[in-house]
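Input: a single structure, listed below in structure tokens.
The values are calculated or read from the model by the stated rules, or taken from the named source; none is laboratory data. Quick caveat: nothing in here was measured; it's all calculated off a predicted structure. Positions of Cβ are generated from backbone atoms using ideal geometry, with glycine treated the same way; all protein chains shown enter the neighbour counts. The area values use the complete protein model at the heavy-atom level, side chains included, leaving out ligands, DNA and RNA. Shrake-Rupley method; radii C 1.70, N 1.55, O 1.52, S 1.80 Å.
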Amino acid sequence: MDCMNARSKDKKGKGKSKLERREGLAGLLFVSPTIIYFIVFFLLPLVVCVYASFTNWNILSPNRIFVGTLNYEKLFMDPKFWKALKNTLFMLIPIPIYITFALLFAYACHKNILGQKVFRAIYYLPYISSIVALTLIWMWLFNSQYGLVNSFLSLFVDNPPSWLSDPFWTKWMIVIMISWKLIGFTSIYYIAALKSIPKSYYEAAQIDGAGPRQQFFKITLPLITPTTFYLLVIGMIGSLQTFVEVQMFAPDGGRGYGVGTIVFYIWQKAFSSSQMGYACAIATVFGLFILVVTVVQFTVSRKWVFEGD
Amino acid sequence: MKKKISPVRIIIFIILLIGAITMIVPFAWMLSTSLKEANLVYTIPPQWIPQPVDWKNYVEIWTASNLLTGIKNSCIISVSVLVFCTFTSSMAAFAFSKLSFPFKNAIFVMLLTTIMVPLVVLLVPLFVIYTKIGWIDTLLPMIVPASMCNINIIFFLRQYMTGLPKELLDAAKIDGCGYFSAYWRIYLPLCKPAIVANVIMLFMITWNDYFGPLVFTHSESKQNIQVAIAMLNSHYIQQTDIPLMMAASLIAILPVLILFIICQKYFTETFVMTGIKG
């Protein structure tokens, strides 16, 4: 818009006025740190990553040899890569869980349930806590012999799972942890969205004889779809990059690489095996994967996201 | 319509209460464990209130781990990032919302693309770049890029400043005020609630950062607090001093927690106010 305006002004009077030029200069100056950041810490590494993915680069030897698409061919034959991809997709499971609970919680807060302010503060607690501290607590909570969780579970089942040594259960433990951590934070978005729905809609619905359930499904839920969509996009980008939990719970990727995610695999390849070229190839493929997922989400969103009157 | 307490509300309250207990139990368990003697940890059934209450973990932790160095480094990183990033990001937000300059939309779209690229794509090249310029094993990789801008804060403040009248800028210009002082003296003070909310978020992100320090530093004297407490973890839990680990976790959580409790009002209400719609 602004660019268009500037251009039309250009056509009318030749060149820009002194004042406009001063404003343009000030604007560029104000965003210059941002531009420098973009070029040095984003664009340059991005280009280097794609370039390096075609070399056999490793940190130990300075000479890089161009190897063409060899890294990519290797990647598609690499069973560990496919396992890591499977584990990464597993980390999408928490998203519907915490979104549902967050919506319920936000709805309850919106209805002014007694003590909602205290509840909100408590629900935000996990989100503000450091993930490393949380993983340490989690390891102790889910300790198979002395952990609180298993001593509770043993009241109901004979053999509670050994969370930290069985990859299957480690992954579920991470799912529980991420869901638990994000309910409160996600609810902030829903509380804001619920507040923005005009009261008159509900009044009109009430006059037409719609019950609370109908109001929720026919008014509330459709009107907050933009928020749900935003949370899905952000949630997917975040979940697909799960790293710390894996690195803390299964420092070697778990038995049979049953826990390691893509980001963890890239980190391992780059800094433990120092296969930088190969790590860059995985990173490039992974970056494209996330891009495709996001674009697909935006395309599909036209079918279900409410776009305003 | 008469207002009375409906059974539905009571059920919702109970569900919320159960949820709140789930949220708080891990923290309570952390606190309880951190006050236990090492051998009391393995009692079955678990003991909620430690007998005797033992404070010595909170004394020992300072010598048993690298916590003090970690806190020092985390403070240096957080303070620098908070000061510089708040300044640069709010300045950029001001320019995007109130000034017209060449390539404005192009630059803004450019910033949007950075959100879609996962950090790990940049990680290996950044490591090599930092190696070349001698930044590895210093605090600079955590300070410099984060100080130059934070995309989320720019978006958030831009949204917030768009809501402020543009007439203020025109008036300032008539009074002979430059663009910088219009930003510094007029718009920045008006953004105070939004700035406070973002400062808390930024502090939380910087203080809790683990990935960056893990990759870019390796000597103990450069660890931040998260790396320092992560070192307490041994994969074989029986060899780990669990009460000590819990005490360290509590200390790591505490600064953000205190700030959050003090500023909670700012934090949640600004979000609701600005009405993030995605």
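Build a GNM of chain A with springs between Cα atoms under 10 Å apart, and of A:Ile95, A:Ile131, A:Ile35 the one that fluctuates most is A:Ile35. In a DSSP loop and with at most 14 other Cβ atoms within 10 Å, there are no chymotrypsin sites (Phe, Trp or Tyr not before Pro) in the range B:175-212.
Calculated accessible area for chain A comes out at 49 Å² per residue, all protein chains present (probe 1.4 Å; ligands, DNA, RNA ignored).
Summing both sides, how much accessible area is buried between A and B? Use a 1.4 Å probe and give Å² to the nearest 100.
The buried area between A and B, both sides summed, comes to about 8800 Å².
With a Förster radius of 35 Å applied to the beta-carbon distance between A:Ser151 and B:Leu68, the computed FRET efficiency rounds to 0.50.
Close Lys pairs in the range A:105-246, defined as Cα atoms under 24 Å apart and 8 or more places apart or on different chains, number 11. Based on Cα atoms of the range B:64-274, Rg over Rh with Rh as the Kirkwood radius reads 1.04. For chain A, what is the calculated [θ] at 222 nm in deg cm²/dmol (nearest 500), taking -39500 (n - 2.57) for each run of four or more DSSP H residues and dividing by its residue count? Mean residue ellipticity, 222 nm, calculated: -21500 deg cm²/dmol.
Sorting the Cα pairs of the protein assembly as shown by distance into bins of 20 Å, from 0 upward, gives 17, 50, 29, 3, 0 percent per bin. Neighbouring Cβ atoms from other chains, within 10 Å of the Cβ of residues in B:242-250, number 3 on average.
Mean separation of Cα pairs under 8 Å and 6 or more residues apart, divided by the residue count, gives chain B a relative contact order of 32 percent.
Using a Förster radius of 41 Å, what is the FRET efficiency between A:Lys74 and B:Leu257 based on their Cβ-Cβ separation? Nearest 0.05, please.
On the way: r = 46 Å, r/R0 = 1.13.
Once the sixth-power term is evaluated, E becomes 0.35.
Can you pull the percent of the protein assembly as shown's accessible area that's carbon plus sulfur, 1.4 Å probe, other chains left in place? If you can, show how the numbers build up before the last one.
Working: 19260 of 28210 Å².
The nonpolar share, carbon plus sulfur, comes to 68 percent.
Between the beta carbons of B:Ile10 and A:Gln214, assuming R0 = 35 Å, the FRET efficiency works out to 0.95 to the nearest 0.05. Peptide B:9-21 shows a mean partner chain C-beta count of 5 within 10 Å per residue C-beta. With the cut-off at 1.5 for a/c, could you classify the range A:80-159 from its C-alpha gyration tensor as rounded, prolate or oblate? Cα axes put the range A:80-159 in the oblate bin. Computed over chain B, the per-residue total of -39500 (n - 2.57) for DSSP H runs of n ≥ 4 gives a 222 nm mean residue ellipticity of -22000 deg cm²/dmol, rounded to 500. Looking at chain B, the accessible area is 47 square angstrom per residue; that uses a 1.4 Å probe and ignores ligands, DNA and RNA.
The value of relative contact order for chain A, using C-alpha pairs under 8 Å at least six residues apart, is 28 percent. Taking amide hydrogens as placed 1.01 Å from N in the peptide plane, the amide H of A:Thr55 sits under 5 Å from those of A:Val67, each at least 5 positions away in sequence or on another chain. Spacing of the modelled spin labels on A:Leu29 and B:Glu220, each 7 Å from Cα toward Cβ, amounts to 4.9 nm.
What the pair-distance distribution of the range A:84-304 shows, using all Cα-Cα distances binned every 10 Å from zero, is 7, 26, 30, 22, 12, 3, 0 percent.
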